[in-house]
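The next block holds one structure in the form of structure tokens; read it before the comments.
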2 protein chains.
Amino acid sequence: MEIIKGYQGFRGVLGHEFVGVVESAADEASILLGKRVVGEINIGCGECEYCRAGLGNHCPRRTVLGIVERDGAMAEYLTLPVGNLHEVPDEVSDEEAVFTEPLAAAFEITEQVAVSSNHSVLVMGDGKLGILSALVLGLTGADVTLMGKHENKLHVAAAQGVKTVLLGEMGEEETYDIVVEATGSAGGFETALSLVRPRGTVVLKSTVAESREMNLAPIVINEITVIGSRCGPFDTALQALAEKKIDVTPLVTETFPVRDAERAFELARKKGSLKVLIDFR
Amino acid sequence: MEIIKGYQGFRGVLGHEFVGVVESAADEASILLGKRVVGEINIGCGECEYCRAGLGNHCPRRTVLGIVERDGAMAEYLTLPVGNLHEVPDEVSDEEAVFTEPLAAAFEITEQVAVSSNHSVLVMGDGKLGILSALVLGLTGADVTLMGKHENKLHVAAAQGVKTVLLGEMGEEETYDIVVEATGSAGGFETALSLVRPRGTVVLKSTVAESREMNLAPIVINEITVIGSRCGPFDTALQALAEKKIDVTPLVTETFPVRDAERAFELARKKGSLKVLIDFR
């Protein structure tokens, strides 16, 4: 939805969360042929200092599936380097596998911040990424609260043991050690700064097309650490799905055949919707 | 200057960088009586969780000398708790001692970020705090560059071994591991985001009254860490001054007697000025 609004100025085929089967490979003996796979979305140049340091996700010349100069997954066929693909374990259904990319993005938080059972954590935003982040952070033993606007979405996280609170029903002056901003709205960041304790950490997950007027003095005065967080480890996400540590299936609002793709977008735009799937088979 | 513009909405006596002599104390036997001192500017309540954890600088009920609900140092007399005072070593002149507070703020950076000789560091802003930050970071052995608009100010840092560059004369596409934003202008932060490498760190030092429209997506996309940095360790700063590790005296543009205080402000407003002192004796 943000890309349609103009985020990154992308023109091309949308889609960066998918599961599919490998139908051909340059290496005809590739062990992935015929296998069910998911794929990492950043394709680095392979030669620069970032790629050589294993940080291809940050290669300045990278393309990104369905986001930067590379057609995406809303199609019958897509191409990705074999090195980007991960075989999906049999224990993980197609519906679950589609969540590998956003679930990996949620696990990225725990790669960047040492979250433990001593921490109070607030996740702002009850969209897909907010719910997945709250569920992943719950695995650390931290005291996690998910804040959002939609009772039905909060319920998905609550059913898996996360505390939830409706926006506007927070206790006054309550602050948290760690606040994860996943509202997907430009105003979320300043709210996050008001909800984190002095010397606390704000994890910024929302990428928003829109700019907004803001004052950053609270970051300095309260010596806040702000950490930008994007793509994460696919292997960790697939393992969590295979071990049924996190149940993503309640996040699927509906699945449409490709001929009804326009209806899928209409539903995805509605406020109560979470994940809407399109089936290209 | 930012407080006069409205930062923090303060009304009262200005001034939070000073040196003075202790003329009276509640404890008439205080060893500080008659001693030359500088003073930490945050006065915590002494009872809350922050104060009990030694983080009185972040006490939500604190007053701040000349900034929040406490008259400041531009006066013949001021009061501070004895616990806020630090005796000035004989090796440190009055002119040098006045820099303890901003020099401590510069040392705060090295308390928050593990800067080493492997790092490339850019300090943005050739005001007092920018110059002091560059000099302090230079002590770590890091490769430090100070960027600013004023040749005369950059020269103060260059004379002590810091590389300098005029704004607009940077190499294209050059990025740094760590960028310290000390421009004191609302636009500095977005420039900092464009000059830090992916996964790098921006240290935010500027507290600016003005808000500004901005887009934070680069923080997320490049997984930048932003660290707000405010007041720092007085003892470290005084020791560096006593050991002559940093020469602050070239930062003094002029000293005025109190009867010429208005002229002092006029001069401080001028673009080429650094520190302007007022002598209340």
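Nothing in this text is a laboratory measurement; each read-out follows from the coordinates by a stated rule. The structure displayed is predicted, hence computed values, not measured ones. Please note: Cβ atoms are built from the backbone with ideal geometry, for glycine as well, and neighbour counts cover all protein chains shown.
Give a quick list of GluC sites (Glu not before Pro) in the range A:211-281 that DSSP marks as loop, anything other than H, G, I, E or B, with at most 13 other Cβ atoms within 10 Å.
On the way: sites: A:213, A:223, A:243, A:254, A:262, A:266; in loops: A:223, A:243.
The qualifying sites are A:243.
Can you list, shortest first in nanometers, how far residue B:167 lies from the same residue in the other copies, with each label 7 Å from Cα toward Cβ?
The answer, with the shortest distance listed first, is 3.6 nm.
Apply the Karplus parameterisation 6.51 cos²θ - 1.76 cosθ + 1.60, with θ equal to phi minus 60°, to every residue of the range B:233-245 and state each ³J(HN,Hα) to the nearest whole Hz, in sequence, with x for glycine and proline.
x, 5, 4, 4, 5, 5, 5, 4, 5, 5, 8, 6, 6
I need the peptides A:131-142, B:128-139 ranked by packing, meaning the mean over residues of other C-beta atoms within 10 angstrom, with the highest value on top.
Details: A:131-142: 23.7, B:128-139: 25.7.
Packing proxy ranking, top to bottom: B:128-139, A:131-142.
Averaged over every viewing direction, what's the projected area of the C-alpha convex hull for chain B? Give it in nm², one decimal, please.
Working: hull surface 62.0 nm².
Its average projected convex-hull area is 15.5 nm².
If you take the alpha carbon radius of gyration of the protein assembly as shown and divide it by 2.2 N^0.38 Å, what ratio comes out, to two decimals? Mind dumping the intermediate values first?
On the way: Rg = 27.0 Å, N = 562, 2.2 N^0.38 = 24.4 Å.
Against the compact-globule rule of thumb, the ratio is 1.11.
Indicate the gyration tensor shape class of the range B:6-70 (rounded, prolate or oblate), computed on the Cα atoms with a ≥ b ≥ c the square roots of the eigenvalues: a/c under 1.5 is rounded; otherwise a/b larger than b/c is prolate and the rest oblate. Numbers along the way, then the final one.
Numbers: a/c = 2.50, a/b = 1.25, b/c = 1.99.
Oblate, because a/c is 1.5 or more while a/b does not exceed b/c.
Please work out whether the range B:210-281 counts as rounded, prolate or oblate from its C-alpha gyration tensor, where a ≥ b ≥ c are the square roots of the eigenvalues and a/c under 1.5 means rounded, while otherwise a/b larger than b/c means prolate and anything else oblate? Can you show the working numbers first?
Details: a/c = 3.15, a/b = 1.55, b/c = 2.03.
Because a/c hits 1.5 or more and a/b fails to exceed b/c, the range B:210-281 counts as oblate.
Over every pair of different alpha-carbon atoms in the range B:55-119, take the mean of 1/r and invert it; report that Kirkwood radius in Å. Don't jump to the answer; show the numbers that get you there.
Numbers: mean 1/r = 0.0686 Å⁻¹.
One over the average 1/r among Cα pairs gives 14.6 Å for the range B:55-119.
Please state the shape class of the range A:1-115: rounded when a/c is under 1.5, otherwise prolate if a/b exceeds b/c and oblate if not, all from the C-alpha gyration tensor.
Values: a/c = 1.20, a/b = 1.17, b/c = 1.03.
Because its axes are fairly even, with a/c under 1.5, the range A:1-115 counts as rounded.
Given Cβ point charges of +1 (Lys, Arg) and -1 (Asp, Glu) and nothing else, what value in debye, to the nearest 20, does the dipole of the protein assembly as shown about its Cα centre take?
It works out to roughly 820 debye.
I need the fraction of alpha carbon pairs in the range B:56-183 separated by more than 19 Å, rounded to a whole percent. Numbers along the way, then the final one.
Working: 4659 of 8128 pairs.
Summing the P(r) of the range B:56-183 above 19 Å gives 57 percent of all pairs.
Which value, in debye to the nearest 20, gives the size of the charge dipole of chain A about its Cα centre, when Lys and Arg are +1 and Asp and Glu are -1 at the Cβ? Show your work: numbers first, answer last.
Values: 26 positive and 41 negative charges, 93 e Å.
Dipole of chain A, to the nearest 20 debye: 440 debye.
Among A:4, A:44, A:65, pick out the residue whose Cα is farthest towards the positive end of the charge dipole of the range A:1-69, where Lys and Arg carry +1 and Asp and Glu carry -1 on C-beta, about the Cα centre.
A:4
Looking at chain A only, what percent of DSSP beta bridges run antiparallel? Nearest 5 please. Mind dumping the intermediate values first?
Values: 8 of 35 bridges.
Roughly 25 percent of the beta bridges in chain A run antiparallel, per DSSP.
Peptide A:55-66: average number of partner chain Cβ atoms within 10 Å per residue?
Numbers: counts 3, 0, 5, 7, 1, 5, 0, 0, 0, 1, 0, 0.
Average neighbour count from other chains, rounded to a whole number: 2.
For the range A:169-176, what does the Karplus curve 6.51 cos²θ - 1.76 cosθ + 1.60, with θ = phi - 60°, yield as ³J(HN,Hα) per residue in whole Hz, taken in order and with x for Gly and Pro?
Couplings: 10, 6, x, 5, 6, 6, 10, 10 Hz.
Rounding to the nearest 10 and keeping the result within 0 to 90°, find how far the Cα-based axis of helix B:100-112 lies from the longest principal axis of chain B.
Tilt relative to chain B: about 50 degrees.
How large is the charge dipole for the range B:156-266, taken about the Cα centre, if only the Cβ atoms of Lys, Arg (+1) and Asp, Glu (-1) carry charge, to the nearest 20 debye? Numbers along the way, then the final one.
Details: 10 positive and 17 negative charges, 72 e Å.
With only Lys, Arg, Asp and Glu charged at Cβ, the dipole is about 340 debye.
Size of the range B:132-253 along its principal axes in angstrom, Cα-based, largest extent first?
44, 31, 30
By a straight-distance test (C-alpha under 30 Å), which lysines pair with residue B:5 as possible cross-link partners, with residues fewer than eight away in the same chain excluded?
The qualifying lysines are B:128, B:149, B:153, B:205, B:270, B:271, B:275.
Around residue A:179, under 15 Å between beta carbons, what's the net of Lys plus Arg minus Asp minus Glu among the other residues?
On the way: positive: A:163, A:197, A:199, A:205; negative: A:126, A:143, A:173, A:174, A:177, A:181, A:190, A:223.
Summing Lys/Arg as +1 and Asp/Glu as -1 gives -4.
If you take every DSSP beta bridge fully contained in the protein assembly as shown, what fraction is antiparallel? Give it as a percent rounded to 5.
Details: 22 of 76 bridges.
Around 30 percent antiparallel, to the nearest 5.
How many Cβ atoms of partner chains, on average, are near each residue of A:225-232 if near means within 10 Å of its Cβ? Display every interim value, and only then the final one.
Values: counts 6, 9, 8, 14, 3, 6, 2, 0.
For peptide A:225-232, the averaged partner shielding equals 6.
Report the GluC sites (Glu not before Pro) located in the range B:176-211 that are in a DSSP loop and have at most 16 other Cβ atoms inside 10 Å of their Cβ, or state none.
On the way: sites: B:181, B:190, B:210; in loops: B:210.
In loop regions of the range B:176-211 (DSSP not H, G, I, E or B), the sparsely surrounded GluC sites (Glu not before Pro) are B:210.
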